[in-house]
Amino acid sequence: MSDTASSRLLSGRSLAMAGGLVVVGLLPLAAGASPYMLGLLISSLILAGLGLSWALLGNLGGMVSFGHAAFFGVGSYASALLAAKLGVPVLLAIPLAGGVATLSSLAMLPALRLSGPYFALAILAYAQIFRILATEASWLTGGAAGLQRFPGLPTVFGFNFAERHGSYVLVLGMVVLCALIYVVIRRSYVGIALRAIAESEDATRVVGVNSTLLKTWMLMLSAFIAGMFGALNAHIIGFLEPDYAFSGIWSVMPIIGAVFGGYRSVIGPVFGAVVIYMFDQVIAKSLIPVGHQILLGIVLAGMVLLAPNGLAGLVGRIFSRTGGKHHARA
Amino acid sequence: MLETRNLSAGYGAITVLWDVNLKFRSGALTAIVGPNGAGKTTLLRALTGLIPHTGAILLDGAPLKGKTWDLAAQGVVMVPEGRLVFRDMTVEENLCLGAYPERCRGDLSANLERMYSFFPRLKERRSQLAGSLSGGEAQMVAMGRGLMAQPRILLIDEPSLGLAPVIVNEVFDIIRRLKAEGTTIVLIEQNTRIALSVADDVHLIRTGKVVMSEPAASVDLDRLHDLYFAREGQGA
């Protein structure tokens, strides 16, 4: 950690992490996973990206969000509508949708004055506003009947993103990119300041940190990332309705994934989301077809009890035990 | 020079400080002494904008501008009381955070080395979590973090609080060195004896008002204590 003193933002370690993510991520392709399996993996990576955006706000910004479905839904509708009504190329519509989600997050700025559970409750209520908007503004969104006719992912230089393998690679690349952005921020002055804010906002202000501004940036960035993954998901699924795009699932699953994987690390939310989603879909569903989510709850409770820092903490603990990592003086 | 004119401040409906007029000379160490609840910390919190105030705060004759976080950029840096360090961060991360203002980010390693010359022990502890430090070390981290901001005016709140006498002496040796280097220091302290030993000017605050302002050289400790404990009848 002492190399925070150096201004090298992308250390060898974080690049190795990104490389490792790509290699692990490409394994299913190399192993010739079935289209069904790839479909599940794509969904799990969408949740992983959403989990990263949630953890960015939760871990760095110190704000627990129960409303990421709002950003996800706004992103998915924005991208679908931009592509369908204005003819914006899909690969451009996706980042633009992230921008629209960022704009929607500005409506939440008053909630930044709240902290802890009050913030969480405010954002929970806030998420409902957009579901209602999407339902009522039927002239634009198609209302409760949904939105069906919008373009899917394109083919670029002969590489078909609409096909399962292509979508998978695109989503994987986005997850890795967001993980790198997260790492760069965490290692910067801003990242150190954000961690300090979580401990004592007054003491952080005294050293010259505009904490309100930094928290605003984190909220906007988190909304941007969540919106982009919502957009990706929309173009892959090809169908939107308010109850789906703004479903509480999009608020809850990233939290479960991040807590399971270890929300304090960068890699935890990614692996947590993938492991939890695949477990739910492949194992839990085959054991209990209806109400399989109950197994998720049991697994999560077990994880919190046995390894409060999640998968990432568990792996770290095993490594420090075998590697004989030197311990700081108590 | 930092100066307050008719400064009043408090919490909500409760006013703690009443019309405080103080001058903090450049290059000097000004000690603010007074009993518990006199308003010493409130004064620092008002100076740094953590709580609202009425009246004026002037830096070199011009009103101090901006919010709390703008002050560090202007060289007005506070070392909060209670050895407030960020416990889940390493010592060095704590220190680096002190260099957050744009103008301090230039040569971070030179800045760190200069600070470590004051606190050699912190260099040994650089990669340790600040939460695991002893009280004296934590106080040093809090002061080191302040130094990293290359302060023109350093506001130190109760550095002796809860520390063993040996450690208090160590902390005050460092304060003496800082003063010798020309840093303007405002020191809040309950320990009048040790405050007098380093101060150039002394102000006594009691129940939110300044009741005595004198050069430290001319302060008589007995008379100061009479005022401190409000024993006017028996004094002198």
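A few notes on this one:
- Vicinal HN-Hα couplings computed from phi for region B:188-204 (Karplus, 6.51 cos²θ - 1.76 cosθ + 1.60; Hz; Gly/Pro x): 9, 7, 8, 7, 5, 4, 6, 5, 4, 5, 10, 7, 8, 10, 10, 10, 9
- Net +/- balance of residues flanking A:Ala196 in space, Cβ distance below 11 Å, scoring K and R +1, D and E -1: -1
- Computed about the Cα centre, the dipole magnitude for region B:82-149 is approximately 140 debye when only Lys and Arg (+1) and Asp and Glu (-1) carry charge, each at its Cβ.
- Distance between modelled label sites at A:Trp217 and B:Ala164, nm, 7 Å Cα→Cβ extension: 4.2
- Long-range HN-HN contacts of B:Met212 with modeled amide H, under 5 Å: B:Leu204
- Charge context of B:Thr183, other residues only, Cβ under 13 angstrom, K/R +1, D/E -1: +4
- Dipole of chain A [Lys/Arg +1, Asp/Glu -1 at C-beta], most positive-end residue of A:Ile276, A:Gly19, A:Leu296: A:Gly19
- Amide proton proximity set for A:Gly152, modelled H, under 5 Å, gap of 5+: none
- When the pairs B:Lys23/B:Lys209; B:Lys40/B:Lys123; B:Lys65/B:Lys123 are compared against a 23 Å limit on Cα-Cα distance, B:Lys40/B:Lys123; B:Lys65/B:Lys123 fall above it.
- Protein heavy-atom surface of region B:82-149, 1.4 angstrom probe: 48% of the accessible area is carbon and sulfur, with nucleic acids and ligands not counted.
- Treating r as the C-beta distance of A:Ser200 and B:Ala217 and R0 as 51 Å, the FRET efficiency rounds to 0.85.
- Across chain B, the volume of the C-alpha convex hull divided among the residues equals 122 Å³ per residue.
- Our coupling estimate for region A:91-107, obtained by passing each phi through the Karplus curve with A = 6.51, B = -1.76, C = 1.60 and θ = phi - 60°, is 5, 8, 5, 5, x, 4, 4, x, x, 5, 4, 4, 4, 5, 6, 4, 5 Hz, Gly and Pro reported as x.
- Inter-label distance, B:Ile14 to B:Arg105: 4.0 nm, where each label sits 7 Å from its Cα along the C-beta direction.
- Computed E for A:Tyr244/A:Leu86 - FRET, C-beta separation, R0 25 angstrom, nearest 0.05: 0.65
- Contact surface B-A: accessible area buried, both sides summed, square angstrom, 1.4 angstrom probe: 2600
- Label-point gap, in nm, between B:Ala230 and B:Asp200 - each point 7 angstrom along Cα→Cβ: 3.3
- Three-way shape call for region A:2-248 based on the alpha-carbon gyration tensor, with the a/c threshold at 1.5: oblate
- Here the dipole of chain A is about 780 debye; that uses its Cα centre as origin and unit charges on the Cβ of Lys and Arg (positive) and Asp and Glu (negative).
- Take the Kirkwood radius over Cα pairs of the protein assembly as shown, plug it into Stokes-Einstein at 4 °C and 1.567 mPa s, and you get 49 µm²/s for translational diffusion.
- Å² of accessible area per residue within chain B, as computed with a 1.4 Å probe and no ligands counted: 40
- Taking amide H as placed 1.01 Å from N in the peptide plane, B:Val16 has its amide H under 5 Å from the amide H of B:Ala9, B:Gly10, B:Tyr11, each at least 5 places away in sequence or on another chain.
- Put the Cα centre of region A:105-158 next to the Cα centre of region B:124-178 and the gap is 49 Å.
- Test item: B:92-103 mean partner chain Cβ contacts at 10 Å: 5
- Theoretical gain in end-to-end length, A:Ile181 to A:Ser320 [0.36 nm per residue, Cα-Cα removed]: 47.4 nm
- Between region A:217-248 and region A:12-85, the C-alpha centres lie 10 angstrom from each other.
- Residue with peak Gaussian network fluctuation, chain A [Cα springs, cutoff 10 Å], from A:Gly191, A:Gly316, A:Gly158: A:Gly158
- Residue mean of other protein chain beta carbons inside 10 Å, B:67-80: 4
- Per-residue HN-Hα couplings for region B:133-138 [Karplus 6.51, -1.76, 1.60; θ = phi - 60°; Hz; x = Gly/Pro]: 7, 6, x, x, 5, 5
- A Förster radius of 41 Å, combined with the Cβ-Cβ distance separating A:Val24 from A:Ile237, puts the computed FRET efficiency at roughly 0.95.
- Highest mobility in the GNM of chain A, judged by mean-square fluctuation with C-alpha springs under 10 Å and restricted to A:Ile236, A:Ile46, A:Ile132, is found for A:Ile132.
The values are calculated or read from the model by the stated rules, or taken from the named source; none is laboratory data. Fair warning: this is a prediction, and the values are worked out from it, not measured in the lab. Note that each Cβ is placed from the backbone with ideal geometry, even for glycine, and that neighbours are counted across all protein chains shown. Side chains are part of the model used for accessible areas, which takes the heavy atoms of the whole protein and leaves out ligands, DNA and RNA. Shrake-Rupley method; radii C 1.70, N 1.55, O 1.52, S 1.80 Å.
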